[in-house]
Amino acid sequence: MHHDRSEVRAVVASPRRLMRIALSNLLRAQGIGSVREAAGYTEAIIAADADRAQLVVVDLELSTEHGAEFLHELRATGGNPRVLALHRGVAPGESGRDRGILLLDPDAAPTELASAVQTLCAGLGAHRLPCLTPRQLEVLALVARGYSNDEIRRELVISLPTVKQHVRDIFARLGAKTRLEAVNRARASGVVV
């Protein structure tokens, strides 16, 4: 049994109204049931604490000088939320997963953002999957759709050795020996539908 995403409480924090609306819509499209918006750090911390938020998506463009302090305060709120922090110049797959924080460039593709949300939500489930990078989630989703390595390479515009490395890494993280086993474990945890 995996965590029902409709029960997940989330907060979206950004000074930009359009960004808040877009992120809120993306979370709702991912099946997140409760999404509250905040325009600033203080409002986000208050909302996360009051709602016992489990997931917070924050635009660190709010203030780069106080970003680390804000993330620490946010993680200390009642729900001890997982955090997706949008910040320019982040390397693909960079994260603070040990602290429940995943970093993503705000110019990332919508599929990367959706994958990051799935990764963080999977961490809320009863059957936790080890964190997969957004790219690994993209590869896993294509594996689940029956794509061959060569088809994945063409779809994601990456080299065949890179696809093979991603598949090996996915197997290792999921403790799977076959594609079917990896997909089944991911589906059981609600990561891949």
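No lab work stands behind these numbers, since they all come straight from the coordinates. Not measured: the values here are computed from a predicted model. Cβ atoms come from the backbone with ideal geometry, glycine included; neighbour counts cover every protein chain shown.
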Original post:
Between PHE171 and ALA108, what is the label-to-label distance in nm when each label sits 7 Å out along the Cα-to-Cβ direction?
Top reply: 2.6 nm
**OP:** Collect residues whose amide H, placed 1.01 Å from N in the peptide plane, falls under 5 Å from the amide H of ILE101; neighbours closer than 5 in sequence don't count.
**Re:** VAL83, GLY96
Subject >> Using a Förster distance of 30 Å, the FRET efficiency for ARG28-ASN80 (Cβ separation, nearest 0.05) >> reply: 0.85
Subject >> Theoretical FRET efficiency, 1/(1+(r/R0)^6), r = Cβ-Cβ of GLU61 and SER148, R0 30 Å, to 0.05 >> reply: 0.15
